[in-house]
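J.: This is the structure I want to talk about, given as structure tokens.
The values are calculated or read from the model by the stated rules, or taken from the named source; none is laboratory data. Owing to the predicted nature of the structure, the values given are computational and were not obtained by experimental measurement. Heads up, the Cβs are rebuilt from the backbone with ideal geometry, glycines too, and the neighbour counts pull from every protein chain shown.
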Amino acid sequence: MTATFQSWGLTYDWAWFIATIIGILVIALPLMLAVAMIIYADRKIWAAMALRRGPNVVGPFGLLQSFADGLKVFLQETIIPSAANKGIFLIAPIITFTVALMAWAVIPFGPAAVLANINVGLLYILAISSLGVYGVVMSGWASNSKYPFFSAMRAAAQMISYEVSIGFILICVVLWAGTFNMNGIVLAQKGHIFGIINGFVFNPLLFPLWVMFLISSLAETARAPFDLTEAESELVAGYQTEYSSMSFALFWLGEYANVILMCTLNAVLFFGGWLPPLDIPILYDFLFTAGITAFFWLFVKIAFFFFVFSWVKATVPRYRYDQLMRLGWKVFLPLSLFFVVLISGYLMATGHFGGQIA
Amino acid sequence: MIQTIAFYLFAVIVVASAVMVISARNPVHSVLWLILAFFNAAGLMVLVGAEFIAMLLVIVYVGAVAVLFLFVVMMLDIDFAELRSGFVKNFPFGMLIALVLAVELIFGIGAWQIGGIQLGLAQGAGHMADAHSNIASLGAVLYGQYLFLFEAAGLILLVAMVGAIVLTHRERRAVRGQQNISKQVARRPDEATVMKSPESGKGIEL
């Protein structure tokens, strides 16, 4: 897109700047819409599993429910507790929201549809997701209230614990793909099994890692059954207890943007991202153009994983905190470490490494 | 031009937040300023083309070390007056360290000025071959040229970690709530429950 603007007579700097701003808006605005719709979908799925009807009043089938909620929240007053640390209290939700959007810069939506096609894409995702904990910790501390503070402590410990095993799982994927670039990882999955099935998940060595990654991503986004940071029976609403109106909504939006991001990562790292499930030429461009078809496949995979997330939330009871820590440190960490050794050993033995390093 | 603007933005924020780290009254604010400084330093690293180091800086320092810092500082009950009283006492020592750092910086820049070392130049001696990414180049150096030193450093860290765990580990016995998960999972319904079907009108003996 930069080249187009340059051809209109802009200097490279300005062309790049405008193209990047447009790219950010093209990703961020549909993402916000997707968050609104996915909150609705979450409530509908959850309701269906509990044999209820869910939101069904605002708009056709209740489709506009999230927008009505957003409007309500927007019109409310922002209450700042008198004992709160005002500056940090206000910055915390903004950080949560911003960080949730930042990671989308490196997600490949199609063969050429990436905002920042950097060669440390996966490391960037890890770096940004490790920032996510600050919004929660800062809000919990700045609220100057007991339950939010407990929640912040829990969140910090939980996210750090699961980041360790997520790191090891990602290392296995990177070892197999031979690159940190997100698009490179997607392309490495093309025809991975017998030259016909796309996706690392069908690889017997990587399948257990995907299971661990799915569970870790539930823990990383603090979704049920690992939503101990906002366990309503213990901590009122956790770190959000003292928040109201838009500052509360920013937490909500950031949380769901993170959930969609984790679904996308599941799709990109293990299910072939924008590749169709089978490596057959007709599946690459049966919808208008190749780009739209690629986005369609990614969208289907994200929707599937979001359904799994909702499904888990509707059916699985919450973990106790010591069980959560046990799972992270005593089960996932040794297992993922073992798989790093196993997979690198297998790749060395078979000479699978594709001439990446000099 | 964009790079220049970005450089001045990052550099000003790094310096300003570094000043705030030592001048903030509240220790938690200090840690948060420190995190901002780390993050913007990572931005500077990206600008000089060291994207791998930048990402590591964010992952390791911002994502792990600073969270633990924050964790500890948030739980401390700090007497601010006492904290301030040490300022005058430690001032000369602090100035000495600042002086040493300044002298090192001057020597470093001086050596670069007269051409003793080449840094940050595309043609400089420190520049790696163009064909490889940062990660591939670093990997080739760490796991090729300096393999032994790298492994030795890893071993020392492992020993340190084991040492820390051994020193702080306490054997806890007979504490309420201790459970053996594998034992619980291995338990079958027929060992835990008994099926009785008593005749009507008669009691049940357990």
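J.: Out of the residues in the stretch A:220-240 that are in a loop (DSSP other than H, G, I, E, B) and surrounded by fewer than 24 Cβ atoms within 10 Å (Cβ to Cβ), state the one that is farthest from the chain's Cα centre (by Cα).
T.: Checked the stretch A:220-240; the qualifying residue farthest from the chain's Cα centre (by Cα) is A:Val236.
J.: Still on this structure, please answer the following. Tell me the residue from B:Ala98, B:Ala54, B:Ala64 that is touching a helix residue (DSSP H, G or I) at 6+ places or on another chain (Cβ under 8 Å) and either at pLDDT 85 or above or not in a helix (DSSP H, G or I) (or both), please.
T.: B:Ala54
J.: I'd like to verify a number: residues in the stretch B:10-48 that are loosely packed, with under 14 Cβ neighbours inside 10 Å, out of contact with any Phe, Trp or Tyr (no Cβ under 9 Å at 6 or more places or on another chain) and within 14 Å of chain A (Cβ to nearest Cβ), how many?
T.: Adding up the residues that qualify gives 0.
J.: Residues in the stretch A:71-84: is at least one within 21 Å of A:Ala34 (Cβ to Cβ), surrounded by 13 or more Cβ atoms within 10 Å (Cβ to Cβ), of a type outside the set (Lys, Arg) and more than 14 Å from chain B (Cβ to nearest Cβ)?
T.: yes
J.: Determine, yes or no, whether A:Ile128 is at pLDDT 85 or above, at the interface with chain B (Cβ under 9 Å from one of its Cβ atoms) and under 21 Å from A:Leu101 (Cβ atoms).
T.: Details: at pLDDT 85 or above: yes; at the interface with chain B (Cβ under 9 Å from one of its Cβ atoms): yes; under 21 Å from A:Leu101 (Cβ atoms): yes.
Against the criterion (at pLDDT 85 or above, at the interface with chain B (Cβ under 9 Å from one of its Cβ atoms) and under 21 Å from A:Leu101 (Cβ atoms)), A:Ile128 qualifies.
J.: Say whether the condition of being crowded, with 20+ Cβ neighbours inside 10 Å and farther than 23 Å from A:Ser129 by Cβ is met by at least one residue in the stretch A:87-98.
T.: Yes, the conditions are met somewhere in the stretch A:87-98.
J.: Considering only residues that are part of a loop (DSSP other than H, G, I, E, B) and either at pLDDT 70 or above or not aliphatic (A, V, I, L, M) (or both), which ones fall in the stretch B:167-189?
T.: Selection gives B:His169, B:Arg170, B:Glu171, B:Arg172, B:Arg173, B:Arg176, B:Gly177, B:Gln178, B:Gln179, B:Asn180, B:Arg187, B:Arg188.
J.: Out of all the residues in the stretch A:40-47, is one or more more than 14 Å from chain B (Cβ to nearest Cβ), surrounded by fewer than 16 Cβ atoms within 10 Å (Cβ to Cβ) and not aliphatic (A, V, I, L, M)? Give the steps one after another, and end with the answer.
T.: Taking the stretch A:40-47 first, the residues more than 14 Å from chain B (Cβ to nearest Cβ) are A:40-47.
Next cut, surrounded by fewer than 16 Cβ atoms within 10 Å (Cβ to Cβ) only: none.
Checking the stretch A:40-47: not a single residue is more than 14 Å from chain B (Cβ to nearest Cβ), surrounded by fewer than 16 Cβ atoms within 10 Å (Cβ to Cβ) and not aliphatic (A, V, I, L, M).
J.: Starting from residues that are aromatic (Phe, Trp, Tyr) and surrounded by fewer than 24 Cβ atoms within 10 Å (Cβ to Cβ), keep the ones in the stretch A:201-219 and report whichever is modelled with the lowest pLDDT.
T.: A:Phe202
J.: Among the candidates A:Thr78, A:Thr96, which residue alone is β-branched (Val, Ile, Thr), touching a helix residue (DSSP H, G or I) at 6+ places or on another chain (Cβ under 7 Å) and outside any helix (DSSP H, G or I)?
T.: Among A:Thr78, A:Thr96, only A:Thr78 is β-branched (Val, Ile, Thr), touching a helix residue (DSSP H, G or I) at 6+ places or on another chain (Cβ under 7 Å) and outside any helix (DSSP H, G or I).
J.: Let me ask something else. Return the only residue of A:Met138, A:Met159, A:Met153 being at the interface with chain B (Cβ under 10 Å from one of its Cβ atoms) and under 14 Å from the mean Cα position of the chain (by Cα).
T.: A:Met159 is the lone residue from the list that is at the interface with chain B (Cβ under 10 Å from one of its Cβ atoms) and under 14 Å from the mean Cα position of the chain (by Cα).
J.: Check every one of the helices (runs of 4 or more DSSP H) wholly within the stretch A:245-358 and list those with 1 or more residues that are basic (Lys, Arg) and surrounded by 17 or more Cβ atoms within 10 Å (Cβ to Cβ). Step through it out loud before you land on a result.
T.: On the way: elements: A:245-270, A:290-315, A:321-326, A:333-350.
Answer list for the stretch A:245-358: A:290-315.
J.: Checking the condition touching an Asp or Glu at 6+ places or on another chain (Cβ under 8 Å) and more than 30 Å from B:Phe52 (Cα to Cα), which residue from A:Phe89, A:Phe74, A:Phe67, A:Phe61 passes?
T.: A:Phe89
J.: Sticking with this structure for a sec: Conditions: (1) of a type in the set (Phe, Trp, Tyr); (2) without any contact (Cβ under 8 Å) to a residue 40 or more places away in the chain; (3) over 19 Å from A:Gly273 (Cα atoms). A:Tyr124 meets all but one. Number of the miss?
T.: Single failed check for A:Tyr124: (3).
J.: May I pose another question? Please list, ordered by first then second residue, the pairs with beta carbon atoms under 8 Å, 6 or more apart or interchain, first in the stretch B:100-121 and within 19 Å of B:Val48 (Cα to Cα) and aliphatic (A, V, I, L, M), second at pLDDT below 80 and surrounded by 10 or more Cβ atoms within 10 Å (Cβ to Cβ).
T.: Within 8 Å, the pairs are B:Leu119/B:Trp112; B:Leu121/B:His127.
J.: Follow-up question, since we're still on this one. Out of the stretch A:180-197, which residues are crowded, with 21+ Cβ neighbours inside 10 Å and closer than 15 Å to A:Ile107 by Cα?
T.: A:Phe180, A:Asn181, A:Met182, A:Asn183, A:Ile185, A:Val186
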